[in-house]
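Note sheet for the following structure.
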Amino acid sequence: NTTHAVEQSAAVTLANTLSVTDIDGDHLASATVAVSGSFSGSGDNLFVLDGATHLISGTFGSTNITVSETTDGNGNETLTLSGYDTITNYEAALDAVQFLANGDNPTDFGTHTARTFTWTVSDGASGNPIGPNTATTFITIDAVNDAPSNTAPAATLTVNEDTSLAFTAGNTISVSDPDNQSLTVT
C-alpha cells in the first residue's frame with residue numbers, strides 16, 4: 001500500500017490489507033518479509049508493530065507466531081514469522097510489518113533510492129505448493145537534506161598580525177554533512 005518512506009520520519013506500514021489464501025487449509029507454518037536495496041549503514045529498520053512495541057524478536061500478541069530478525073552484511077533485513085497458527089493471525093502480523101528509513105543518508109547519496117520487499121508464506125506441507133506463495137512491494141526512499149555541521153576550537157585563539165596560526169590537538173576545525181559529499185567552506 002505504501003509507496004514512499006521519508007528519511008527519519010514516521011515508520012510506514014507496508015501492507016495493511018494483505019490477503020493470504022490457502023486452497024487446502026486455514027493455517028500457516030511460517031512467513032518471511034525480506035528487504036533488499038539497503039546498504040551497510042543505511043539505518044533501515046524492519047519490524048512488526050505489536051501495540052507500541054517494534055518487535056524484532058518474540059511472540060506477536062497472543063498468537064503462536066514468533067518473530068525474529070536477521071541482517072546480512074549489506075544492511076538488508078529479513079523478518080521471519082514462524083509457528084503454526086491461523087491465516088487470520090498471520091495476516092494480522094503481516095499487516096503490522098513496518099519499515100523505517102532511520103539513517104541520515106538512507107539513499108547513499110542517491111545510489112540506493114528504493115527498497116524491494118519480498119513476502120513469502122508457507123503452510124509447512126511437504127511437496128510443491130500450488131500457486132504463488134510470494135509477493136513483492138516496492139518503496140521509494142525520500143531523502144531529506146540534513147544540515148552540515150562544523151566544530152570550531154573550544155578555546156579562544158589569539159594570533160598576531162602577519163603570523164600564521166597553527167592548530168594543535170584539541171584546537172581543530174571539523175566540517176561534515178551526512179548526505180552531501182561536496183562542501184564549500186568560506
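The values are calculated or read from the model by the stated rules, or taken from the named source; none is laboratory data. Not measured: the values here are computed from a predicted model. Neighbour counts are summed over all protein chains in view; Cβ atoms, including those assigned to glycine, are modelled from backbone coordinates with ideal geometry. Calculation scope for accessible area: heavy atoms of the full protein, side chains included, ligands and nucleic acids excluded. Shrake-Rupley method; radii C 1.70, N 1.55, O 1.52, S 1.80 Å.
Roughly speaking, to the nearest percent, how much of region 1-104's 1.4 Å accessible area is carbon and sulfur?
Roughly 47 percent, rounded to a whole number.
Determine the order of Asp72, Asp22 by accessible area, beginning with the largest, at a probe radius of 1.4 Å.
Descending order: Asp72, Asp22.
Once you compute Rg and the Kirkwood Rh from C-alpha atoms, what is the Rg to Rh ratio for region 46-139?
Here Rg/Rh amounts to 1.00.
Among 50-60, 3-13, how do they line up by average Cβ neighbours within 10 Å per residue, starting with the highest?
3-13, 50-60
Relative contact order for region 46-145: what is it in percent, counting Cα pairs under 8 Å that are at least 6 residues apart?
Relative contact order of region 46-145: 21 percent.
Would you calculate the separation in nanometres between label points at Ala147 and Thr3, each defined as 7 Å from the Cα along the Cα-to-beta-carbon direction?
3.3 nm
In whole Å, largest first, what are the principal axis extents of the Cα atoms in region 85-128?
44, 24, 10
So for the pair Thr134, Thr53, with labels modelled 7 Å out along Cα→Cβ, what separation do we get in nm?
3.1 nm
Could you work out how far the C-alpha centroid of region 75-95 sits from that of region 1-28, in angstrom?
10 Å
Taking the mean number of other Cβ atoms within 10 Å as a proxy for protection, how do you rank 26-32, 119-125 from highest to lowest?
Highest to lowest by the protection proxy: 26-32, 119-125.
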